[in-house]
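Step one of this worksheet: look at the structure below.
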Amino acid sequence: MIPTTVPTLTGPLVLLRAWEDADAALVASVASDPIIPTITSVPGSGAPEDIALYLHRQRRRALDGTGLSFVITDIRSKQAIGSIGLWTRDYDRGRLSIGYWVAAQYRRQGHAQDALATLTRWAVGLPGVGRLQLFVEPWNEGSWRIAENCGFMREGLLRQWQQVGDQRRDMWVYSLIPDPDDLP
Ligand SMILES: CC(C)(COP(=O)(O)OP(=O)(O)OC[C@H]1O[C@@H](n2cnc3c(N)ncnc32)[C@H](O)[C@@H]1OP(=O)(O)O)[C@@H](O)C(=O)NCCC(=O)NCCS
């Protein structure tokens, strides 16, 4: 079973935890990011009421069975720097999906990679998981490098897979099978 509360997970660089009210500042800081509001439900408006609704939705996900939404924090400073989600809609079919983002000022320090490795190691231990997957646009080298560094394998190009902003976009699909040889 997927827990109905978000666990706290730690890696060498990150601590992953549930969303708190104080994380509104992090969400506000990425509202004008060129990518994040287009591929997530982060509100591009940056309005406080929209951010409050965003936080509410993240906290609800564990209860409504759609996933576990974590804040990525720096293990030493405890600063909230991004988010990683484990999406569980297809858990009854043994499939889990992962998505992540890090605010621009905290990038290129290994946090996203450690967050993915940490979440992956935990998620493969959930009963009945046959496959973890994630979807990355081909231009997004940072994202697919992280996936590959964590043992995910590129399987193919899904043409026009997803609406991003006002366009449909192709996506690489990556997977990791819970096998000791694949694990980060
Ligand atoms: C993609 C993203 C999560 C990367 O976060 P990050 O914390 O900077 O990533 P890391 O520091 O953990 O990077 C780990 C690896 O990726 C590489 N990398 C990161 N960003 C990169 C970039 N823009 N171009 C090329 N390589 C990049 C790093 O060099 C490192 O690889 P290496 O160890 O082989 O050198 C971040 O840029 C982001 O949030 N982008 C906007 C949202 C997004 O695209 N999310 C993913 C959607 S699928």
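The values are calculated or read from the model by the stated rules, or taken from the named source; none is laboratory data. For clarity, every value in this text was computed on a predicted model and none was experimentally measured. Backbone-built Cβ (ideal geometry, glycine too); neighbour counts: all protein chains shown. Each accessible area value is taken on the protein alone, full model and side chains, heavy atoms only, with ligands, DNA and RNA left out. Shrake-Rupley method; radii C 1.70, N 1.55, O 1.52, S 1.80 Å.
For the chain, the share of accessible area belonging to carbon and sulfur comes to 52 percent (1.4 Å probe, ligands and nucleic acids excluded).
Counting each DSSP H run of 4 or more residues in the chain as -39500 (n - 2.57), what helix-only mean residue ellipticity at 222 nm follows after dividing by all residues, to the nearest 500 deg cm²/dmol? Please list the in-between numbers first.
Details: 5 runs with 49 residues, N = 184.
Mean residue ellipticity, 222 nm, calculated: -8000 deg cm²/dmol.
The calculated FRET efficiency for the pair A104 and S41, based on their C-beta separation and a Förster distance of 22 Å, comes to about 0.70.
Which value, in Å², gives the accessible area per residue of the chain when a 1.4 Å probe is used on the protein heavy atoms? List each step's numbers first, then the result.
On the way: 9360 Å² over 184 residues.
Counting only protein heavy atoms, the per-residue value for the chain is 51 Å².
For Q163 and S32, the FRET efficiency from 1/(1 + (r/R0)^6), where r spans their Cβ atoms and R0 equals 25 Å, is about 0.75.
Of I2, Q58, F70, which is farthest on the positive side of the dipole of the stretch 1-80, counting Cα position, with +1 on Lys and Arg Cβ, -1 on Asp and Glu Cβ, and the Cα centre as origin? Comparing the listed Cα positions along the dipole, I2 ranks first. Within the stretch 83-127, name every residue whose backbone N is under 19 Å away from a label modeled 7 Å from Cα of E141 along the Cβ vector. Correct set: 102, 104, 107-113.
When the alpha carbon gyration tensor of the stretch 9-176 is reduced to an equivalent ellipsoid, the three semi-axes, largest first, read 22, 19, 17 Å. Protection proxy ranking for 36-48, 151-163, 62-74, using the average of other Cβ atoms within 10 Å per residue and placing the highest first: 62-74, 36-48, 151-163.
The relative contact order of the chain, computed from alpha carbon pairs under 8 Å that lie at least 6 residues apart in sequence, is 18 percent.
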